[in-house]
Structure formats: structure tokens, C-alpha cells
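Peer 1: Before I ask anything, let me first share the structure, which is written out below as C-alpha cells.
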Amino acid sequence: MAINREYLGRTFPAAPPYEINRVKIAEFADAIGDPNPLYRDRAAAQAAGLATLSGNGFGDGPKMPMVPGTWGPEAPEGEGDHS
């Protein structure tokens, strides 16, 4: 498939924050056909050392999205730029 050169260099404004919860994670896993229980079973996720999400009855978990573009260049692995 050829790249449409009219789109090169195009930029878009940032999207507003999108609240993620365990239901949305399971829906995404279903959409991509991933049967991994880590996306559906809280006990399996916690046993694997995964953090919980806030606002879903699991406690006060992560607040920042884990998006590679948000990590500072000198940040140690697992620590993003939260400024």
C-alpha cells in the first residue's frame, strides 16, 4: 500500500482525556482477539504484578496514561515525565 504524500507532516491537536476502566480494557482485548485473562480477571492481573485502575472499585491506581510520548528521555524505566 502506497503512502498518500498529502498526509506527510500533518499534525492534529491532542485529544481530550479518555477515561479507561476495566470494562474498556476487556472490550479492547475482545476487539483485538486477545484471550489473555490479565485483561479480564483482577486476581490474575494482580498476581502478575499489574497495577489497578482508579475509580473502578479496585482502589486508587494509576492516574497518568502510559503512553511512550509522555516519558522523558532521561526517565528510568517505568518512571514517566509527569510534569
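Peer 1: Please give me, ordered by residue number, the GluC sites (Glu not before Pro) of the stretch 1-45 that lie in loop per DSSP and have at most 13 other Cβ atoms within 10 Å.
Peer 2: E19
Peer 1: Stretch R42-A14 to full length: gain in nm at 0.36 nm per residue minus the Cα-Cα span?
Peer 2: Working it through step by step, the gained length comes to 7.0 nm.
Every number here is computed from the coordinates shown, using simple stated rules; none is lab data. Quick caveat, the model's predicted, so the values are computed rather than measured. Reconstructed Cβ throughout: ideal geometry from the backbone, glycine too, with neighbour counts over all protein chains shown.
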